[in-house]
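The next block holds one structure in the form of structure tokens; read it before the comments.
Values in this text are rule-based calculations from the coordinates and carry no lab data. Since the model is a prediction, treat every value here as computed from it, not as a measurement. Cβ sites come from the backbone with ideal geometry, for glycine too, and all protein chains shown count toward neighbours.
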Amino acid sequence: MTASPRPSANAAPEAIITLARGEHPETDLEVKRSHFLGRAARTDDEASARAFIASVRARYPDARHHCSAFIVLVPGAQPIERSSDDGEPSGTAGAPMLDVLRGTGLTNTTVVVTRYFGGTLLGTGGLTRAYSQAATRALDAASRVRLDTRRLWRVRVPVADAGRLEAQLRANAGPEGIRMEQTTWEATHAVLTVSTCASDSGALAEQLAALTGGTAVAEPAGSRIVETALTRSL
């Protein structure tokens, strides 16, 4: 497999687009009696990407080529991009497939195209077009999801004020803004867990200041990933 350069990023994105977990349809592109079988999968790290490629190879052990491309995110580092021509002429399969994958904006995704040779040589241009089209079909057939990072905050307030504050925060909640997660009750205080889509608590601090007269403070409490299915126009 060969590595390809990718523009650097200063920080991980707040949201990424990837594939839904589970099996996705296999596509079959026929070009001059050669069959190009395409399949894509969600792979959250390099190990799972390589495992998926190996599983496709094991599924079709008599095929001549199992070309592949993947992009996976690495926390605090640049994404890993790899591609393989798997015996096809250099640059005719893996690199074009990786270009297709980049163009979709998908990450944590692997696409594999298995070729059964039909007896007619396609030439370098024909191979490039066939592998690009097969990769496109496989990725188009797969369901997409959006992964949003929600930042969690703890807000400690007296029990007497908790119900009112929780109700007000829920009333002001929105899918992209401040969201109530849960409330934990203690003897004299309650701890409200709130999430925001931003990496800081600026908007939350403003709401808390307005609702509590500045007595409640949001403290960082980690993060969680929210997965949302995406629909695409046909």
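Stretch Thr193-Glu181 to full length: gain in nm at 0.36 nm per residue minus the Cα-Cα span?
Difference between extended and current length: 3.8 nm.
What value does segment 60-184 have for Rg/Rh, both radii from Cα atoms and Rh as Kirkwood defines it?
My calculation puts Rg/Rh at 1.30.
Would you mind working out the magnitude of the charge dipole of the chain relative to its Cα centre, with +1 at each Lys and Arg C-beta and -1 at each Asp and Glu C-beta, to the nearest 20 Debye?
Once rounded to the nearest 20, the dipole reads 500 debye.
Can you tell me the alpha carbon radius of gyration of segment 122-178 divided by the globular rule-of-thumb value 2.2 N^0.38 Å?
Normalised Cα radius of gyration, segment 122-178: 2.44.
If you project the alpha carbons of segment 148-229 onto the principal axes, what extent comes out on each, in Å, largest first?
Computed over segment 148-229, the largest-to-smallest principal extents equal 39, 24, 21 Å.
Counting GluC sites (Glu not before Pro) as exposed when in a DSSP loop with at most 12 other beta carbons within 10 Å, what is the longest stretch of the chain free of them?
24-175
Rounded to the nearest 500, what is the 222 nm mean residue ellipticity of the chain from helices alone, with -39500 (n - 2.57) per DSSP H run of 4+ residues and division by all residues?
So the calculated ellipticity at 222 nm is -9000 deg cm²/dmol.
When the chain is fully extended, how far beyond the present Cα-Cα distance does Thr231 get from Lys32, taking 0.36 nm per residue of separation?
Gain on stretching Thr231 to Lys32: 68.3 nm.
Could you work out how far helix 202-212 tilts from the main Cα principal axis of the chain, as a 0 to 90 degree angle to the nearest 10?
Rounded to the nearest ten degrees, it is 20.
Using 0.36 nm per residue, how much length does the chain from Leu152 to Tyr60 gain when fully extended, once their Cα-Cα distance is taken away?
So the chain would gain 28.6 nm between Leu152 and Tyr60.
Can you tell me the FRET efficiency between Ala221 and Ala167 if r is taken as the Cβ-Cβ distance and R0 is 22 Å, rounded to the nearest 0.05?
0.60
For segment 2-142, state the average projected area of the convex hull of the C-alpha atoms over all orientations, rounded to one decimal in nm².
With every direction weighted equally, the projected area is 8.0 nm².
With the dipole of the chain worked out from charges on the C-beta (+1 for Lys and Arg, -1 for Asp and Glu) around the Cα centre, which of Gly213, Leu106, Ala138 lies farthest toward the positive end?
Of the options given, the answer is Ala138.
For the pair Arg50 and Thr120, what calculated FRET efficiency results from E = 1/(1 + (r/R0)^6), where r is the Cβ-Cβ distance and R0 = 41 Å, to the nearest 0.05?
In this case the efficiency is close to 0.85.
Starting at the first residue of segment 111-123, write each ³J(HN,Hα) from the Karplus equation 6.51 cos²θ - 1.76 cosθ + 1.60 with θ = phi - 60°, in whole Hz, x for Gly and Pro.
Couplings: 10, 10, 10, 9, 10, 9, 5, x, x, 10, 5, 9, x Hz.
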